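The values are calculated or read from the model by the stated rules, or taken from the named source; none is laboratory data. These numbers were taken from a predicted model, which means no experiment stands behind them. Note: ideal-geometry Cβ built from the backbone for every residue, glycine included; neighbour counts use all protein chains shown.
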Amino acid sequence: MSLVPGASVPSEMLLGWDKLAHAVAFLVLAGLMLPFVTNRPRWPWLVLGWSVAMALVTEALQMSTPGRTFSVFDMLADVVGTVALLLAIGAWVGWRSHRASASRT
């Protein structure tokens, strides 16, 4: 959907759900990336860097797509989706380690 001409975008995407759609799409894309990076050191930064780069590239490409424009707010929504995934993973890992340490005592 990122590079579909503006006239082809469903109207419901224009009624405030656009930013949510951006965030959810990048949350899913970042989640799909996890199996390939979690064995690397500092993998959350790799995922976040990928998210920022992809957001910048898709927004830059939209400048040459009819009816679409570059939007910093769309880029921020993309990064928010990725950060939401990373925070959820961090919370889950923290909960699991707390639960494991509590069961040992």
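Of everything in segment 65-94 that's over 21 Å from A30 (Cα atoms) and either modelled with pLDDT under 85 or among the basic types (K, R) (or both), which residue is surrounded by the most Cβ atoms within 10 Å (Cβ to Cβ)?
R68
Identify, by number, the condition in (1) part of a helix (DSSP H, G or I); (2) surrounded by 19 or more Cβ atoms within 10 Å (Cβ to Cβ) that M33 doesn't meet.
(2)
Being out of contact with any helix residue (DSSP H, G or I) (no Cβ under 9 Å at 6 or more places or on another chain) and within 16 Å of A88 (Cα to Cα) narrows it down to one of L61, L32, L48, so name that one.
Unique residue meeting the criteria: L32.
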